[in-house]
Amino acid sequence: MKKKPFIIYGLIFSVLFTLSLNLYAGEDDSPDLSEIKMPEGIDINDVVNEEKKDKPAPKGQEKEILSLIQKSFNDGLYDICLGHTRAFFKDYPDSKELAKVHLIAGKSAYYLNKLHQALGDFETILKLWPSAAMTDEVIYWCGQIYFKGEDYKAANKYYRRLIDEFSDSDWVPHAYYALGLSLFKQKDLSKSTEVFKKFLDKFADNPLIPEVLFDLGMVLYQSNEYTESARYIRDYINTKTEPKKTAEAYYWLAKNSYSQEHYKEVLKYYDLCLKPTSEVPWAPNVEYLKGLTLIKMGRAEQGLKIFKSFKKKFGSHGLVPEMLVNMARVLAKTDNFEQSLQVYSELIEQYPEHDLVVSAYYEKAELLYRAAKFDQAVIEYKDFIKKYPLDSKVKNAYFGLAWAYFNSKDFNNARITFEKIVSSGFDQEFRIAALLKLGDIYLAEGKREEAVKYYDIILKEYADKPGADYAQFQSGMVLYSRDEYGPAIEAFQSMLLHFPKSKLKDKTLYQIGWAYFKQGYYDVALKSFQKIIDEYKDSVLIPDALFQSATCYYNLTDYNNAVNLYKQLVKKYADTVYVWKAGYQLGWSYYLQGKEKQALKEFGKFLAQYPDSPLSPHVLFWFGEYYYQKQKFEKARGYFSKT
């Protein structure tokens, strides 16, 4: 083989040196090696590759390369910067600047989301140069890597280490701020609040103050500390840091006000949330919040208008399903049942996978029940139970289904469904309610023995639970329906004795009164009716109790007291059915006292005011008989002819 001419090697080394410079400068216009003429049998690429294996980088270029690394990092060219740092580690393994370059490499990798690579660079510094001046900064960045990777516990360890071991470091404020955010992410709201407040105490002039004020406001909002949250958000606004974020701060002020039911304030902040432009990410949230606020203020029509506009403007926004649910609820509350049902159906059809669809199915069934569309409610309840058998509302759905069957007069399916509730291990309150309703169904069907069986289960197994008082009351009603008034009275009195806080006490006294009345014990019955009047001022039974008290006096021939109570009834309860009954009894009370003129007056008034009353024929007949006895036959004939 011929020796390679020396001049050829010189040329090759020149080319390699040029390539090296171009590489570190980040240039792409490297010489084309194919243009270099080589002696026959020699391949320039083979020679260059051989030389690259062992050729060290020129020592004189280290500073220039470091400058290039720093510049590319400062310019945000992290990919290029990272490439330069890797080349530097290879070419300058003994450089005194290795720790600095590892720091830059780690931060570049961090910004490129190459977190494992970044952590490797930072850990290298901590391992090889544990006393380096940059150790505090490296610890901070280790925390940031774990924070970005959502390992907040690991991040916190680094932040706390920096705070504890480098209390005078310029990175300590950053560590406090990052620690507060990390704790917030972990939903440790009290500790996050504590850290942010400590920051404000220790670093009064730090540039991070605005961010801390804003984020502390967010933490306090999540903690339901709305007044304090609003205070810190206002402090942020007063820093006048950034117009766009100031608008977002006003949005959170509006949210705080809404949570505190300060609805006028919400509307005051509405326009401020959208300055300097309405093209902000939270614009849909602001619009939605305004709609909710108007509804809360009782301006449902305006709120619904906002919702309809929202649907047109932000049809694909994530808030649309929630908005549809609230829209359906508002329509239901305002008795717009058909529109509400349409909105529920729209949500179910357009967002079948959304979490709120479960609520939509259930609420649609409930709405149909409220609208007395029991047959349709049955279909919707059954559909909900089939689709969501494990949902927490399925128990309510079974109960609603049973009631829907009951109200549609399908007692057999109602009974089957209530029995399923009893035997399915549902919560105690559902089982008790189902047992009570089964008793009521059998009682309504005249199957008294079956009814008593279910009431007795309640009284034996759940005597101290809500509903036991009703079971005791219904046991009395079963006896009353059999005309067993004595045992019925005992059952009712047992209810009063064992359930002194029951809401059924007025009804129980009423039934006791009737049980005595039916037996002709008017004086004892009077005491029960009078007790309702005296002790249960808000009871719906007051007009009835007043009428029955008057009637007890009437049957005891105490017509004066009867008249007084009938008059009281006519005066106080003119809009009840008892007013015409009282008018009728007034006429008889006067007549039986021998006060014929007053009797004629009351009966005449009765016919004039209540001509279509079922008692009017009786009054006409009385007039006929009265005039017949007075031998005023023409007048008598006139009244008899009208009966």
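The values are calculated or read from the model by the stated rules, or taken from the named source; none is laboratory data. Please read all numbers here as calculations on a predicted model, not as lab measurements. Here the Cβ positions follow ideal geometry from the backbone for every residue, glycine too, while neighbour counts run over all protein chains shown. SASA here: full protein model, heavy atoms, side chains in, ligands and nucleic acids out. Shrake-Rupley method; radii C 1.70, N 1.55, O 1.52, S 1.80 Å.
For residue 362, indicate whether it is within 24 Å of residue 300 (Cα to Cα), aromatic (Phe, Trp, Tyr) and modelled with pLDDT of 95 or more. Full working, then the answer.
Details: within 24 Å of residue 300 (Cα to Cα): yes; aromatic (Phe, Trp, Tyr): yes; modelled with pLDDT of 95 or more: yes.
Yes: the conditions hold for residue 362.
Based on what the data block shows, is residue 489 open to solvent by less than 50 Å² (accessible area, probe 1.4 Å) and in contact (Cβ under 8 Å) with a residue 24 or more places away in the chain? Give the derivation first.
Details: open to solvent by less than 50 Å² (accessible area, probe 1.4 Å): yes; in contact (Cβ under 8 Å) with a residue 24 or more places away in the chain: yes.
So residue 489 fits the description; yes.
Here is a yes/no grid of residues against (1) under 30 Å from residue 574 (Cα atoms); (2) under 41 Å from the mean Cα position of the chain (by Cα); (3) outside any helix (DSSP H, G or I); (4) among the charged types (D, E, K, R):
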| residue | (1), (2), (3), (4) |
| --- | --- |
| 450 | no, no, no, yes |
| 466 | no, yes, yes, no |
| 476 | no, no, no, no |
| 479 | no, no, no, no |
| 503 | yes, yes, yes, yes |
| 527 | yes, no, no, yes |
| 534 | yes, no, no, yes |
| 546 | yes, no, no, no |
| 552 | yes, no, no, no |
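Kindly indicate whether any position in the stretch 136-146 is surrounded by 20 or more Cβ atoms within 10 Å (Cβ to Cβ), of a type in the set (Gly, Ala, Ser) and farther than 19 Å from residue 87 by Cα.
Yes: the stretch 136-146 contains one or more residues that are surrounded by 20 or more Cβ atoms within 10 Å (Cβ to Cβ), of a type in the set (Gly, Ala, Ser) and farther than 19 Å from residue 87 by Cα.
Quick test of your reading of the structure: residue 584 fulfils all but one of (1) under 56 Å from the mean Cα position of the chain (by Cα); (2) over 30 Å from residue 531 (Cβ atoms); (3) part of a helix (DSSP H, G or I). Name the failing condition by number.
Residue 584 satisfies every listed condition except (2).
Hey, among the residues in the stretch 167-197 that are of a type in the set (Phe, Trp, Tyr) and part of a helix (DSSP H, G or I), which one's farthest from residue 133 (Cα to Cα)? Please lay out each step first, then the result.
First, pick out the residues of the stretch 167-197 that are of a type in the set (Phe, Trp, Tyr): 171, 176-177, 184, 196.
In the following step, the residues that additionally are part of a helix (DSSP H, G or I) were identified as 176-177, 184, 196.
Working: 176: 20, 177: 22, 184: 31, 196: 27 Å.
In this case the residue turns out to be 184.
State which residue is surrounded by the fewest Cβ atoms within 10 Å (Cβ to Cβ) when the search covers only the stretch 588-640 and only residues that are touching a Leu at 6+ places or on another chain (Cβ under 9 Å) and more than 27 Å from residue 575 (Cα to Cα).
Per the criteria, the residue is 640.
If the requirement is being open to solvent by 30 Å² or more (accessible area, probe 1.4 Å), closer than 20 Å to residue 225 by Cβ and over 21 Å from the mean Cα position of the chain (by Cα), which of these qualifies: 301, 279, 242, 248?
That would be 248, the only listed residue that is open to solvent by 30 Å² or more (accessible area, probe 1.4 Å), closer than 20 Å to residue 225 by Cβ and over 21 Å from the mean Cα position of the chain (by Cα).
Where the second residue is open to solvent by less than 30 Å² (accessible area, probe 1.4 Å) and of a type in the set (D, E, K, R) and the first is in contact (Cβ under 8 Å) with a residue 40 or more places away in the chain and over 15 Å from residue 397 (Cα atoms) and lies in the stretch 409-421, which pairs have Cβ atoms under 9 Å and are six or more apart or on separate chains?
The qualifying pairs do not exist here.
Filter the stretch 198-239 down to residues that are open to solvent by 50 Å² or more (accessible area, probe 1.4 Å), among the polar types (S, T, N, Q) and part of a helix (DSSP H, G or I), then give me how many there are.
Going through the stretch 198-239 one residue at a time, the tally reaches 3.
For the stretch 87-100, enumerate the residues that are closer than 25 Å to residue 136 by Cα and open to solvent by 80 Å² or more (accessible area, probe 1.4 Å).
Across the stretch 87-100, the qualifying residues are 94, 96, 100.
Out of (1) part of a loop (DSSP other than H, G, I, E, B); (2) over 23 Å from residue 548 (Cβ atoms), what's the single condition that is false for residue 460?
Against the list (1) part of a loop (DSSP other than H, G, I, E, B); (2) over 23 Å from residue 548 (Cβ atoms), residue 460 comes up short only on (1).
Looking at residue 446 and the list (1) over 28 Å from the mean Cα position of the chain (by Cα); (2) part of a helix (DSSP H, G or I), which single condition is not satisfied?
For residue 446, the exception is condition (2).
Taking into account only those residues within the stretch 178-197 that are touching a Phe, Trp or Tyr at 6+ places or on another chain (Cβ under 6 Å) and either of a type in the set (Ser, Thr, Tyr) or open to solvent by 20 Å² or more (accessible area, probe 1.4 Å) (or both), which is nearest to residue 142 (Cα to Cα)?
182
Out of the residues in the stretch 590-643 that are among the acidic types (Asp, Glu) and part of a helix (DSSP H, G or I), state the one that is farthest from residue 550 (Cα to Cα). Outline the logic, then answer.
So the first thing to find is which residues in the stretch 590-643 are among the acidic types (Asp, Glu), and the list is 596, 602, 612, 625, 634.
Then keep just the ones that are part of a helix (DSSP H, G or I); that gives 596, 602, 625, 634.
On the way: 596: 20, 602: 16, 625: 26, 634: 35 Å.
Per the criteria, the residue is 634.
In the stretch 562-573, is there at least one residue being in contact with a Pro (Cβ under 9 Å, 6 or more places away or on another chain), buried (at least 21 other Cβ atoms within 10 Å of the Cβ), at negative phi and not charged (D, E, K, R)? First the steps, then the outcome.
Going through the stretch 562-573, the residues in contact with a Pro (Cβ under 9 Å, 6 or more places away or on another chain) turn out to be 569, 572-573.
Checking the rest, the ones that are also buried (at least 21 other Cβ atoms within 10 Å of the Cβ) come to 569.
If we keep only those that are at negative phi as well, we get 569.
Pick out the ones that are also not charged (D, E, K, R) and you get 569.
Yes, the conditions are met somewhere in the stretch 562-573.
If you go through the stretch 285-297 one residue at a time, do you hit one that is open to solvent by 10 Å² or more (accessible area, probe 1.4 Å) and among the small types (Gly, Ala, Ser)?
no
Report, by residue number, each residue of the stretch 104-135 that is open to solvent by less than 20 Å² (accessible area, probe 1.4 Å) and under 18 Å from residue 163 (Cβ atoms).
At the first step, the residues of the stretch 104-135 found to be open to solvent by less than 20 Å² (accessible area, probe 1.4 Å) are 104-106, 108-109, 118, 121-122, 125, 135.
Those that are open to solvent by less than 20 Å² (accessible area, probe 1.4 Å) and under 18 Å from residue 163 (Cβ atoms): 122, 135.
Results for (1) at pLDDT 95 or above; (2) over 26 Å from residue 333 (Cα atoms), shown as yes or no for each residue.
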residue: 350; (1), (2): no, no
residue: 366; (1), (2): yes, no
residue: 384; (1), (2): yes, no
residue: 409; (1), (2): no, yes
residue: 420; (1), (2): no, yes
residue: 424; (1), (2): no, yes
residue: 428; (1), (2): no, yes
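Keeping to the stretch 389-421, report how many residues are open to solvent by less than 50 Å² (accessible area, probe 1.4 Å) and either of a type in the set (Phe, Trp, Tyr) or touching a Pro at 6+ places or on another chain (Cβ under 6 Å) (or both).
Of the residues in that region, 5 qualify.
Are any residues in the stretch 312-321 surrounded by 17 or more Cβ atoms within 10 Å (Cβ to Cβ) and part of a helix (DSSP H, G or I), and if so, which ones?
Within the stretch 312-321, 320, 321 meet the criteria.
For the stretch 153-162, how many residues are closer than 29 Å to residue 224 by Cα and either of a type in the set (Asp, Glu) or buried (at least 20 other Cβ atoms within 10 Å of the Cβ) (or both)? Talk me through it step by step, then tell me what you get.
Taking the stretch 153-162 and keeping what is closer than 29 Å to residue 224 by Cα, we get 153-157, 159-160.
After this cut, where a residue has to be either of a type in the set (Asp, Glu) or buried (at least 20 other Cβ atoms within 10 Å of the Cβ) (or both) as well, the list is 155-156, 159.
So the answer is 3.
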